[in-house]
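The values are calculated or read from the model by the stated rules, or taken from the named source; none is laboratory data. Please read all numbers here as calculations on a predicted model, not as lab measurements. Using ideal geometry, Cβ is built from the backbone for each residue, glycine included, and neighbour counts are taken over all protein chains shown. These accessible areas exclude ligands, DNA and RNA; they are computed on the full protein's heavy atoms, side chains included. Shrake-Rupley method; radii C 1.70, N 1.55, O 1.52, S 1.80 Å.
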Amino acid sequence: MSNHTEIRWHGRGGQGAKTAALLLADVAFQTGKYVQGFPEYGPERMGAPITAYNRISDTDTVIRSHSNIYDPQYVVVVDESLLESVDVTSGLKEDGAILVNTERSKEEIIPHLKGYKGDVYVIDAKKVSMATLGKYFPNTPLLAAIVKVAGI
């Protein structure tokens, strides 16, 4: 799986984590890559925690795995309140990174990451979204940010 990029998204229903994962897969596919983009949720309602996933592979490596992603290189946290209720760093590779939507600094977020030693990035997706779109869509700036962080 060394030619694969794996991303796990943590958000709440209605925040756009699923949509962002599907959009990322669609765009990567249009550039000739093999892709997967899919959510994991049950009968949850708006506001309940959800997880979405991306696998992206170069054109010479077909994706054969069809399971959830347990050891991602990257994690995107759409709602920082999930840091207290979900182990967002579970399986996260230390040569990867975590991206958190928050108004707080990286130094304030690190203690909530259960000892994760890899790269940590923060973005105030609300501020960016309101300034550019006029509405709060956290998935849009986070999608752009993970593309930059992961080098997709």
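Annotations for the structure displayed:
- Of the criteria (1) modelled with pLDDT of 95 or more; (2) closer than 22 Å to residue 4 by Cα; (3) open to solvent by 90 Å² or more (accessible area, probe 1.4 Å), which one residue 95 fails: (1)
- Taken residue by residue, region 73-84 has no member that is modelled with pLDDT under 90, touching a strand residue (DSSP E or B) at 6+ places or on another chain (Cβ under 7 Å) and open to solvent by 40 Å² or more (accessible area, probe 1.4 Å).
- Each residue in region 103-124 was checked for being open to solvent by less than 50 Å² (accessible area, probe 1.4 Å), farther than 21 Å from residue 24 by Cβ and β-branched (Val, Ile, Thr), and 1 pass.
- Qualifying residue in region 94-103 (condition: among the small types (Gly, Ala, Ser) and on the phi > 0 side of the Ramachandran plot): no
- Failed condition for residue 110, given (1) of a type in the set (Val, Ile, Thr); (2) within 19 Å of residue 11 (Cβ to Cβ); (3) modelled with pLDDT of 95 or more: (2)
- Residue that is most open to solvent (accessible area, probe 1.4 Å) [pool: residues in region 36-60 that are of a type in the set (D, E, K, R) and more than 19 Å from residue 146 (Cβ to Cβ)]: 45
- The single residue among 68, 101 that is in contact with a Pro (Cβ under 7 Å, 6 or more places away or on another chain) and of a type in the set (S, T, N, Q) turns out to be 101.
- When 21, 17 are checked against the criterion of being at negative phi, touching a residue at least 12 places away in the same chain (Cβ under 8 Å), open to solvent by less than 20 Å² (accessible area, probe 1.4 Å) and touching a helix residue (DSSP H, G or I) at 6+ places or on another chain (Cβ under 8 Å), 17 stands alone in meeting it.
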